[in-house]
Amino acid sequence: MDQKYPIGTFQFDGEITNKVTSVWINEIEDLPGLLRDAVKDLDNEQLDTVYRSGGWTVRQVIHHLADSHMNAFIRFKLALTEESPIIKPYDEKKWAELSDSKLPVDTSLLLLETLHKRWTNLLRGLTPADMKKTFIHPESGEVSIGKNIGIYAWHGKHHLAHITSLCNRKGW
């Protein structure tokens, strides 16, 4: 198994339909509970274990998900209310080194639970025209809202797999 990409990279070449996005939105909705279940029995030493050599600790992964998904929520809202806005990227590696990435994981788990309630409510209210709206990422180019839903469904499962595969390897 590839420890960096335990579920592979995001791949989707099909048509982005209501059925496809509905599955992705459900995955986004389910992520906070799955994360909470994955780390509920971990102690501080385990939370401060890297999931792979050169990777983040479990704690940093949880806080990264909160950082990333807050940014994503804002990007969706920008794309819905502006004409193909250029979004600002951020240095996720540097963010993972800031002092708030050392807080108890419950801080970000609670944030993710609340954020994902708002986010999935927003996503379920999108029209077919909304799904085609875009933003411009300076590194990735133009990204549609529909595709971005899939990217973030994958993103959550990707990092959840970092945690669960580490737990499996360690027998936790």
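The values are calculated or read from the model by the stated rules, or taken from the named source; none is laboratory data. If you're wondering where the values come from, they're calculated on a predicted model, not measured in any experiment. Every residue, glycine among them, receives a Cβ derived from its backbone with ideal geometry; neighbour counts consider all protein chains shown. Ligands, DNA and RNA are stripped out before the accessible areas are found, and what is left, the full protein with its side chains, is counted by its heavy atoms. Shrake-Rupley method; radii C 1.70, N 1.55, O 1.52, S 1.80 Å.
Here are the numbers for this structure:
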{"read-out": "Filter result for the condition that a residue is out of contact with any Lys or Arg (no Cβ under 6 Å at 6 or more places or on another chain), under 20 Å from I163 (Cβ atoms) and either surrounded by fewer than 16 Cβ atoms within 10 Å (Cβ to Cβ) or of a type in the set (S, T, N, Q) (or both), over N18, N44, N71", "value": "N44"}
{"read-out": "Residues satisfying the stated conditions in region 17-39, i.e. more than 16 Å from the chain's Cα centre (by Cα), more than 19 Å from H64 (Cβ to Cβ) and either of a type outside the set (A, V, I, L, M, F, W, C) or modelled with pLDDT under 95 (or both)", "value": "T17, N18, K19, S22"}
{"read-out": "Pairs, first under 18 Å from G141 (Cα atoms) in region 66-78, second outside any helix (DSSP H, G or I) and open to solvent by less than 20 Å² (accessible area, probe 1.4 Å), C-beta under 7 Å, six or more apart", "value": "R75/I87; R75/F135; L78/P85; L78/I87; L78/F135"}
{"read-out": "K102 touching a residue at least 40 places away in the same chain (Cβ under 8 Å), surrounded by fewer than 19 Cβ atoms within 10 Å (Cβ to Cβ) and closer than 23 Å to S165 by Cα", "value": "yes"}
{"read-out": "Residue among L98, L115 that is modelled with pLDDT of 95 or more, under 22 Å from K157 (Cβ atoms) and not basic (K, R)", "value": "L115"}
{"read-out": "Residue that is least open to solvent (accessible area, probe 1.4 Å) [pool: residues in region 140-155 that are more than 13 Å from A72 (Cβ to Cβ) and in contact (Cβ under 8 Å) with a residue 12 or more places away in the chain]", "value": "G146"}
{"read-out": "Criterion violated by T57 - all others in (1) surrounded by 16 or more Cβ atoms within 10 Å (Cβ to Cβ); (2) hydroxyl-bearing (S, T, Y); (3) within 22 Å of I151 (Cα to Cα) satisfied", "value": "(3)"}
{"read-out": "Candidate set from region 109-126 (those that are open to solvent by 10 Å² or more (accessible area, probe 1.4 Å) and of a type in the set (S, T, N, Q)); member that is nearest to the chain's Cα centre (by Cα)", "value": "T114"}
